[in-house]
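For reference, the structure is listed below as structure tokens.
The values are calculated or read from the model by the stated rules, or taken from the named source; none is laboratory data. Computed from a predicted model, the values in this text were never measured in an experiment. Here the Cβ positions follow ideal geometry from the backbone for every residue, glycine too, while neighbour counts run over all protein chains shown. For the accessible areas, the whole protein counts, side chains as well, though only heavy atoms, and no ligand, DNA or RNA atoms are used. Shrake-Rupley method; radii C 1.70, N 1.55, O 1.52, S 1.80 Å.
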Amino acid sequence: MVTPSAPASMLSPERVDELDAAGVLAESVRVLKERRAAEVAELRLAGHWAVLNSTDPRTDPTASPAERLVPFGGEGTPWVRDLCPGELALVRQVGWATARAAIADVLDLQHRLPRVWAVVEALEAEVWVARKVAVLSRSLARRDVGVVDAAVARAIAGEAPSRVLELARAKVIEADPEAHAHRVALERGRRHVTLSRTDEVGLRHVIARVEAGDAVYVDAMVHRVAEILRGRLHEAGVSVHEQPTDDVLRSEAFGWLARPAELLRLLLEHAEQDDEPPDTSRTTAFPADLLAALRTINPARLRPRARLYLHVTAAGLADADRAVARLEEHGPLLVAQLRGLLRHAQVELKPVVNLAEDVRVTAYEHPESMRERVWLRAGGERFPWSGTSSRHVDLDHVRPWSRGGPPGQTGTHNSHPLLRRHHRWKTHARAQVWQVGRARWLWRSPHGRYVLVGPAGTTPVETPDPRLVW
């Protein structure tokens, strides 16, 4: 087993500028080894954290009775207490899922893929590749995973990552063909269409996992609509050099799929102009009576309903061309970009929620109007370093609600949004939280680590200001 060397000091800009070609190459080799050593050390620490949290909570007085032992890794790995990722995530400054994945991967590498782990510990392979192999082989029984371990251990140090992962996938199938067939059936049940986050220019990726045949038809429809849009540009006298690229037109054509009534009208308008017989690989024929009926439909009636939450200041509304707003589940954008976002929509405005106003109720449950206010004020889920934007959260009482306590315990002054697993960790792992002002929360981990969570994100705190704590 190779012990990683102590981290070297960072190269200063001045030191880098002094290096000749040979020096740059030598330093690159050294930095590569040190980076791999640091990543191995991170995994070792995650593995030991799992060991420290693998005792039975029913017999360990240091554990919470609400915890339970669950498998993080594949068959044959130690079971771990389900709330243990919380504090590790907090100190590593990552989300819960990231900390949990590190624990699962290192347990698999240490207990199921020891030969691969030995190569990684020798700093001869990339940690991320080994972790992907751990994930790919997690479903295999322990008696079968050795096939993957042996094959990947021989290849991981010398082959390109893509080839290593291809080999791992092949060996997983070889190790258990019946299980692979079962996974194929399961994967068909995991088809989906999802959206990426909005980027800095207001664009998003649409990620779809669909039947191969459906994908071909979608591509054919996008191609056909792009052809029509190109023809419109020609008819409008736009020169070839001024026209957008094929990729841009295909992107615009894809947007037409979200407006089926307008899309049908577009296709109908141009179907009658085609001189050639319709290409069944590109278009779909409609009966004449259906076409006539479609021409009478008001497209506005077929538009879906959606609710958008826009966060913008009063000053921003006064200067829309320069002001930046935040659209929930989309990200930041110029207020002026809303015109493009809503150009096909029927807009119905809802009253603005005054987030400066504190609201309290006597009941334990948060009424829907208060849930809305708490969520908008918090600006998202407020576990340290959490990146989720989902509204499917619990509203936790920061100071625990007491049946015999004073009235008004439930309110914007004593609430924050948490995912269920984060809520359980806060409640049962002896973490503490204090609400600081309207939208900041000071967290104390079970081992005394402090972070402040608020609109600016998460900030580690060495010694909290006593005035922040109730």
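For the reader, a short list of remarks on this structure follows.
- Working from label points 7 Å from Cα in the Cα-to-Cβ sense, the R197 to A118 distance is 4.1 nm.
- Partners of K171 within straight-line reach, counting lysines whose Cα lies under 27 Å from its Cα and excluding those fewer than 8 residues away in the same chain: K132.
- A helix-only calculation puts the chain at -13000 deg cm²/dmol for mean residue ellipticity at 222 nm, using -39500 (n - 2.57) for each DSSP H run of at least four residues, averaged over all residues.
- Calculated FRET efficiency for the pair R154/V16, C-beta based, R₀ 45 Å, to 0.05: 0.75
- Accessible area of the range 39-101 divided out per residue, in Å², using a probe of 1.4 angstrom: 46 Å²
- Prolate/oblate/rounded label for the range 155-199 (Cα gyration tensor, a/c 1.5): oblate
- Signed unit charges on C-beta, dipole axis of the range 116-274, positive-most listed residue A226, A258, V120: V120
- Rounded Å value of the spacing that divides the Cα centres of the range 175-251 and the range 142-173: 32 Å
- Mean accessible surface per residue for the range 152-272, computed with a 1.4 Å probe while every protein chain stays in place, in Å²: 66 Å²
- Net dipole in debye of the chain [+1 Lys, Arg Cβ; -1 Asp, Glu Cβ; about Cα centre; nearest 20]: 2100 debye
- Shape of the range 6-57, Cα gyration tensor, a/c cut at 1.5: prolate
- Taking the range 179-225 and dividing mean pair separation by its residue count, relative contact order in percent (alpha carbons under 8 Å, at least six apart): 27 percent
- Stretch gain in nm, segment H223-S251, where the contour uses 0.36 nm per residue and the Cα spacing is subtracted: 9.1 nm
- The residue among S389, S369, G408 whose Cα reaches farthest toward the positive pole of the charge dipole of the chain, with charges on the beta-carbon of Lys, Arg, Asp and Glu, is G408.
- Cα gyration tensor, the range 100-150 - rounded (a/c under 1.5), prolate or oblate: oblate
- Descending by average beta-carbon neighbour count within 10 Å, the peptides 216-229, 58-71 line up as 216-229, 58-71, the highest first.
- Relative contact order (%) - criterion: Cα under 8 Å, at least six apart; region: the chain: 10 percent
- Modelled label positions at S389 and R371, each set 7 Å beyond Cα in the direction of Cβ, lie 2.1 nm from each other.
- Estimated FRET transfer efficiency (R449, W128; beta-carbon r; R0 25 Å; 0.05): 0.40
- Using a cutoff of 8 angstrom between alpha carbon atoms and counting only pairs six or more residues apart, the relative contact order for the range 350-456 works out to 27 percent.
- Averaging Cα coordinates gives a centre for the range 51-112 and one for the range 356-421; these two points are 28 Å apart.
- Relative protection proxy for 362-368, 237-243, 377-383, from highest mean packing down: 377-383, 362-368, 237-243 (other beta-carbon atoms within 10 angstrom).
- In the distance distribution for the chain, Cα-Cα pairs more than 30 Å apart total 65 percent.
- Accessible carbon and sulfur surface of the chain relative to its total accessible area, %, 1.4 Å: 56 percent
- Membrane-span-like helices in the chain (whole DSSP H runs, Cα extent of at least 20 Å along the helix axis, mean Kyte-Doolittle hydropathy of at least -1.0): 21-52, 96-111, 161-175, 212-235.
- Here the simple spin-label model places points 7 Å from the Cα toward Cβ, and for A26 and E328 these points are separated by 5.8 nm.
- Annotation: extensible slack from R68 through L52 equals 4.3 nm (criterion: 0.36 nm per residue apart, minus Cα-Cα distance).
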